[in-house]
């Protein structure tokens, strides 16, 4: 009994030990502004090849805008929509097309009403080595599928430089 009590006290003391310095901070990878801009340019170029005038937004892993492009004839609504799609993909850690599909049931539809959530295809996570680096959002193509295809083209264009 005494040995069990001593073992329990030792375990509690180990859990209560002060945190080491390396446990007090976290490290993460982030896209450089140049890489974010290159992804946005490639996504816009893909949409242009299909005749679409779009806006493209890149956000970091926290949803903060990092790069934004709007083609000259893209509607004024496309800029906040692209940013919202990128923010949503980063926040929910899934594509906005997948989020749109998963929120079709009545129990999940409330997620669509949260502030800043844009559950329409066109927002895709940017990942490397299983780590979320950010997300890309495209708005202005005729439909979420086309927006998503352009977003994926933006990621593909920088994929060889993501493993930094």
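Readers should treat all values here as calculations from the given coordinates under stated rules, not as data from a laboratory. Just so we're clear, the structure is a prediction, and the values are computed from it rather than from any experiment. Methodologically, a virtual Cβ is constructed for each residue, glycine included, from the backbone with ideal geometry; neighbour enumeration extends over all protein chains shown.
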Here the residues within the stretch 107-133 that are at positive phi and surrounded by 11 or more Cβ atoms within 10 Å (Cβ to Cβ) are 116, 122
Residues of the stretch 64-88 being in contact (Cβ under 8 Å) with a residue 60 or more places away in the chain and assigned to a loop (DSSP other than H, G, I, E, B), which ones? 71, 74, 75, 77
Identify the residue in the stretch 49-61 that is closer than 15 Å to residue 33 by Cα and either in contact with a helix residue (DSSP H, G or I) (Cβ under 7 Å, 6 or more places away or on another chain) or free of Cβ contacts under 8 Å to residues at least 12 places away in the same chain (or both) and, among all such residues, is surrounded by the fewest Cβ atoms within 10 Å (Cβ to Cβ). 61
